[in-house]
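Scroll down for the structure; my scribbles are underneath it.
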Amino acid sequence: MVWIEPWCYLIPLRWPTKKLPPLAPEAVQAAFGPRVEVFTDAAELRAVLERDAPDELNLLIMSSGNLGGWDVRQWAPTFVSN
């Protein structure tokens, strides 16, 4: 089974500090396609990933920040071992 799920995590609180206008989840879907699931809460993203990810998974996380306080480096070894 191939599990391809494009997800995007947006942190709305960061836009004012970057002097950017708010970006609606619908704008992300319009740019990247309707299959993109957009998250604005790191805890929800993590919960969905832990609940729905298959046993064999290649996971790519790209971030310019800290994913809303979620320490992915600490979490990853635990996720991989489960």
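Less than 14 Å Cβ to Cβ from GLU26, Lys/Arg counted +1 and Asp/Glu -1: what total charge do the surrounding residues give?
Its environment carries a net charge of 0.
Which ordering of THR78, THR40 is given by a fewest-first count of other beta-carbon atoms within 10 Å?
With the sparsest Cβ surroundings first, the list reads THR78, THR40.
Roughly how many nanometres apart are two label points built 7 Å out from the Cα toward the Cβ at ALA43 and VAL80?
Distance between label points: 2.7 nm.
Could you put LEU13, LEU67 in order, starting from the residue whose Cβ has the fewest other Cβ atoms within 10 Å?
So the residues, fewest neighbours to most, are LEU13, LEU67.
Once you put a point 7 Å from the Cα of ASP52 and another 7 Å from the Cα of ARG73, both along the Cβ direction, what distance in nm separates them?
Distance between label points: 2.9 nm.
Enter the angle in degrees (range 0 to 90, nearest 10) between the Cα long axis of helix 42-52 and the first principal axis of the Cα atoms of the chain, meaning the one along which they spread out most.
30 degrees
Using Cα pairs closer than 8 Å and at least 6 residues apart in sequence, work out the relative contact order for the chain, in percent. Write out the running numbers ahead of the final one.
Numbers: 53 pairs, mean separation 26.5, N = 82.
Answer for the chain is 32 percent.
Quick one, which of (1) 93; (2) 77; (3) 103 is the actual volume of the Cα convex hull per residue in Å³ calculated for this model?
Only one option fits the structure, namely (3).
In the neighborhood of ARG35, defined by Cβ-to-Cβ distances under 15 Å, what is the net charge if each Lys or Arg adds +1 and each Asp or Glu adds -1?
Charge balance in the 15 Å sphere: -4.
State, to one decimal in nm, how far the label point of ALA31 lies from the label point of CYS8, with both points 7 Å from Cα in the Cβ direction.
Calculated label separation equals 0.5 nm.
No value in this document is a laboratory result; all are computed from the given coordinates. Note that the coordinates shown come from a computational prediction; the quantities given were computed from them, not determined experimentally. Don't worry about glycine lacking a Cβ; one is built from the backbone with ideal geometry, like all the others, and counts go over all protein chains shown.
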